[in-house]
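I have placed the structure first, in the form of structure tokens, so that the comments after it can refer back to it.
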Amino acid sequence: MNLTLYHNPHCSKSRRTLEILREHGLEPRIVEYLKTAPDKPTILELARQLGKPVETLVRQNEDVYKQAAGNLPQNDDALAAWLADHPQALQRPVVVDEDRGIAVIGRPPENVFDLLPGPDPAA
């Protein structure tokens with residue numbers, strides 16, 4: 001299984017998601033998105049893999065979002081460009097199954113079970 005984790009090591013949900021993956025013998029490629037921000041095409045692809053609009057990837061409780069909220073673009077393309085410039089507002093963690101081209105947001109961390117093979121161990 002080829003996984004990518006968009007990770008913030010300072011976030012407890014992100015750390016727990018990584019822990020769950022490792023408990024299942026999986027070692028994802030880790031992208032610390034605050035150090036290496038995803039670009040606009042990557043953000044658009046993440047939204048496609050989630051099967052949701054780009055706004056799903058925006059953390060609305062972040063100060064940068066609150067400051068820009070009234071002026072944010074309303075379409076996916078422009079919002080993805082804004083997120084690329086403001087990665088601190090990117091939802092975290094995001095786990096991508098690169099082989100299947102699908103993703104989940106690890107909020108709660110147990111959402112990652114949707115990507116793992118077999119029955120949901122949390123059930």
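Expressed as a whole percent, the accessible area of the chain that falls on carbon and sulfur atoms is 46 (1.4 Å probe). Charge tally around residue 61: other residues with Cβ under 15 Å, Lys/Arg +1 each, Asp/Glu -1 each, net +2. What do you get for the angle between helix 40-50 and the principal long axis of the chain? Use alpha-carbon atoms, 0 to 90 degrees, nearest ten. The angle comes out at about 50 degrees.
Put simply, the C-alpha atoms of the chain give a gyration tensor, and the ellipsoid matching it has half-axes of 25, 15, 13 Å, longest first.
The trypsin sites (Lys or Arg not before Pro) of region 1-75 that DSSP puts in a loop, and whose beta carbon has at most 13 other beta carbons within 10 Å, are 35.
Using C-alpha pairs below 8 Å separated by at least 6 residues, the relative contact order for region 1-87 is 29 percent. Give me the angle, in degrees from 0 to 90, between the Cα long axis of helix 76-85 and the longest principal axis of the Cα atoms of the chain, rounded to the nearest 10. Here the helix axis deviates by roughly 90 degrees. Against the chain, whose longest principal axis comes from its Cα atoms, helix 12-23 is set at around 30 degrees. Under the convention that each Lys and Arg Cβ holds +1 and each Asp and Glu Cβ holds -1, the size of the dipole of region 1-84 around its Cα centre is about 180 debye. Of all DSSP bridge pairs formed entirely within the chain, close to 70 percent run antiparallel. A cut-off under 11 angstrom between Cβ atoms defines the neighbours of residue 2, and their net charge, with Lys, Arg +1 and Asp, Glu -1, is -2.
The values are calculated or read from the model by the stated rules, or taken from the named source; none is laboratory data. None of the values given here were measured: they were computed from a predicted structure. Here Cβ is always computed from backbone atoms with ideal geometry, including for glycine, and neighbour counts include all displayed protein chains. Please note that ligands, DNA and RNA were not included when accessible areas were found on the heavy atoms of the full protein model with its side chains. Shrake-Rupley method; radii C 1.70, N 1.55, O 1.52, S 1.80 Å.
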